[in-house]
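A short write-up of the structure that comes next.
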Amino acid sequence: METNEALPEYTRYTYEDYCTWDDDKRRELIDGVPYAMSAPSQAHQEIIGGLHYQLYSFLKGKPCKVFIAPFDVRLNFDTRDDIVVQPDLLVVCDKSKLDGKSCLGAPDMAIEILSPSTAALDRFLKFNRYLQAGVREYWIVDPDSKTVSVHILENDKYTAQAFCSDDKVSVHVLEGCVINLSEVFAE
């Protein structure tokens, strides 16, 4: 992702500014800095489909909901309101966090699927913002290596586990939910 040069320069943008941008470009806002988002690859979309299908099927009829990007997550809406991200997938179990167009605060789970243009952002900057906001479970999916890094929030830190394409992964925040990665990374 690149910062967007087309916008006028300000010290820091907020969600209010973000809502005024009407040029139809997808962006995220992290610490007041806009990051342009490029179109996802076919592999990226297939992985989202596989994960969404399994999460949606498990959650059907349950109070938690799964959302696909683009869906704004305002991680610090109650303070500076200058972090607006769009995880590829997110799970929200507290309906009071949903205002009809965004998630106010940390979702229970966020999933990012890496692409060459977003890998550093997802692994470092967004990783730290999710941790600070209290996202209880954060998955980083690597389409190239067909691996998933699962980060569980414990004592204000993430503990990590790595899984490969033939593993089954229990979703920590959704008791009884198991994701079959062989169906996610199917050719």
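Across region 96-101, computed HN-Hα scalar couplings (Karplus, 6.51 cos²θ - 1.76 cosθ + 1.60, θ = phi - 60°) run 5, 7, 9, 10, x, 9 Hz from first to last residue, x flagging Gly and Pro. The angle between the Cα long axis of helix 42-59 and the main principal axis of the chain comes to about 70°, on a 0 to 90 degree scale. Hydrodynamic estimate: the Kirkwood radius of the chain over Cα pairs, inserted into Stokes-Einstein at 25 °C and 0.890 mPa s, corresponds to D of 146 µm²/s. In this simple spin-label approximation, SER145 and ASP23 carry label points 7 Å from Cα along the Cα→Cβ vector, and these lie 3.5 nm apart.
Listed by chain and number, the aspartates and glutamates placed with their C-alpha closer than 18 angstrom to that of LYS65 are ASP88, ASP94, ASP99, ASP108, GLU112, GLU137, GLU175; residues fewer than eight positions away on the same chain are left out.
A straight Cα-to-Cα reach below 26 Å connects LYS60 with the lysines LYS95, LYS97, LYS101, LYS168, residues fewer than 8 places away in its own chain not being considered.
Isolated cysteines in the chain, defined as those with no second cysteine Cβ under 4.7 Å, comprise CYS19, CYS103, CYS164, CYS177.
A Cβ-based charge dipole, computed about the Cα centre of the chain with Lys and Arg at +1 and Asp and Glu at -1, lands at about 540 debye. In terms of other Cβ atoms within 10 Å, SER149, SER96 run from fewest to most in the order SER96, SER149. Using 0.36 nm per residue and subtracting the Cα-Cα separation, the extra length available between SER117 and VAL173 on full extension is 17.3 nm.
By the helix-only formula, in which each DSSP H run with n ≥ 4 contributes -39500 (n - 2.57) and the sum is divided by residues, the chain has a 222 nm mean residue ellipticity of -5000 deg cm²/dmol.
Since every read-out is calculated from the coordinates, none of them should be taken as a lab result. Computed from a predicted model, the values in this text were never measured in an experiment. Note that each Cβ is placed from the backbone with ideal geometry, even for glycine, and that neighbours are counted across all protein chains shown.
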